[in-house]
Amino acid sequence: MPEKLQHVLILAHPGHELRIHHWLELNRPRIYLLTDGSGGRHSARTQYSRDVVEAAGATAGAVFGDVPDTTWYEALLARDSSVFADVLARISVDLSGMQDVQIVSDAVDGYNPMHDLAYAFGNALNRLLQSTRPGRKQLCSAAVPNVPGAVEVEIQLDAAARARKMAAVNAYTPLADEARQILDRDPQCFDRELLISQHFDWDATWTPEWERIGKDRVAKKIYDRCITYKENVQPMAQQLMSESDPDHASRNVRLLPSSA
């Protein structure tokens, strides 16, 4: 008998799972959260996501919001790969027993560097999986509206599923303002859920919106310095791709050396 398809969801921040709440109920994925959602000034919101995941019948993975946002941003600015290496290794080990896996991640959206890097982690893990078993196309759940990509899965929510999703969103109090903003921009988000595919080129030149905002804040002396795509995010994503190449001589996860 063929192995049952198992779904894996890799998200940058706690709360992103709400965008595809009914998909969680239907597919019961193993979910990995890269950050704790604390940003620079707020409390971790991991427990809110754990409650959502458990209620939907999904499973929290070995990496579930235990690394604060500031740790990731400081590592990017320092070009210190140790956090990336540890997280990639921990997730890879956690997936080692799976045979038929569908990877779903955040999409590249230019809204936040960790959204974009969640997609890179999905790329890397999918390549590692495909080195030893049949592969599937990586899919994405966009954390914000109007993200480009080809629609691969569309789920229409019935009244009961819609009510459960609305209840989950309303109970997630740290995201109340953000949820209202997304609903204003995407009124159909309670009626349907989409998974898209993307083909992002990590070698291409790009200036994401988060970088423009960061540079503006540096100019206004709000920040001392900011993360950039070329200097910080692109090299880390490229190294993730290199280390996950099935033909790579080493199967160990070794990323960029720290410049510190």
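The values are calculated or read from the model by the stated rules, or taken from the named source; none is laboratory data. Predicted model, so just to flag it, every value in this text is computed and none were measured. Heads up, the Cβs are rebuilt from the backbone with ideal geometry, glycines too, and the neighbour counts pull from every protein chain shown. For the accessible areas, the whole protein counts, side chains as well, though only heavy atoms, and no ligand, DNA or RNA atoms are used. Shrake-Rupley method; radii C 1.70, N 1.55, O 1.52, S 1.80 Å.
Some notes on this structure:
- Filtering region 103-137 to residues that are open to solvent by less than 20 Å² (accessible area, probe 1.4 Å) and of a type outside the set (A, V, I, L, M, F, W, C) leaves SER105, ASP106, GLY110, PRO113, HIS115, ASP116, TYR119, GLY122, ASN126.
- Residue tally, condition closer than 29 Å to ALA124 by Cβ and either hydroxyl-bearing (Ser, Thr, Tyr) or in contact with an Asp or Glu (Cβ under 7 Å, 6 or more places away or on another chain) (or both), over region 173-204: 4
- Total residues in region 49-59, condition in contact (Cβ under 8 Å) with a residue 24 or more places away in the chain, of a type outside the set (A, V, I, L, M, F, W, C) and surrounded by fewer than 20 Cβ atoms within 10 Å (Cβ to Cβ): 3
- Some residue of region 60-67 being over 22 Å from ALA107 (Cβ atoms) and surrounded by fewer than 18 Cβ atoms within 10 Å (Cβ to Cβ): yes
- Scanning region 16-33 for residues that are open to solvent by less than 10 Å² (accessible area, probe 1.4 Å) and either over 14 Å from LEU157 (Cβ atoms) or among the small types (Gly, Ala, Ser) (or both) returns GLU17, PRO29, ILE31, TYR32, LEU33.
- Meets criteria (touching a residue at least 40 places away in the same chain (Cβ under 8 Å), of a type outside the set (D, E, K, R) and at positive phi) for GLY122: no
- The sole residue among LYS221, LYS215 that is in a loop (DSSP other than H, G, I, E, B) and among the basic types (Lys, Arg) is LYS221.
- Complete set of residues in region 68-102 that are open to solvent by less than 30 Å² (accessible area, probe 1.4 Å) and farther than 30 Å from ARG212 by Cβ: ILE91, LEU95, MET98, VAL101, GLN102
- When residues of region 149-181 are limited to those that are closer than 23 Å to PRO14 by Cβ and part of a loop (DSSP other than H, G, I, E, B), the one least open to solvent (accessible area, probe 1.4 Å): TYR172
- For region 153-212, a residue qualifies if it is small (Gly, Ala, Ser) and either without any contact (Cβ under 8 Å) to a residue 24 or more places away in the chain or within 30 Å of ALA237 (Cα to Cα) (or both), and the qualifying residues are ALA159, ALA160, ALA163, ALA167, ALA176, ALA179, SER197, ALA204.
- Positions within region 7-22 being of a type outside the set (Val, Ile, Thr) and either in a helix (DSSP H, G or I) or out of contact with any helix residue (DSSP H, G or I) (no Cβ under 9 Å at 6 or more places or on another chain) (or both), in sequence order: HIS16, GLU17, LEU18, ARG19, HIS21, HIS22
- Positions within region 182-212 being exposed (fewer than 15 other Cβ atoms within 10 Å of the Cβ) and part of a helix (DSSP H, G or I), in sequence order: ASP184, ARG185, PRO187, GLN188, GLU209, ARG212
- Screening ALA161, ALA150 for residues that are over 11 Å from ARG19 (Cα atoms), small (Gly, Ala, Ser) and in contact with a Ser or Thr (Cβ under 9 Å, 6 or more places away or on another chain) leaves exactly one candidate, ALA150.
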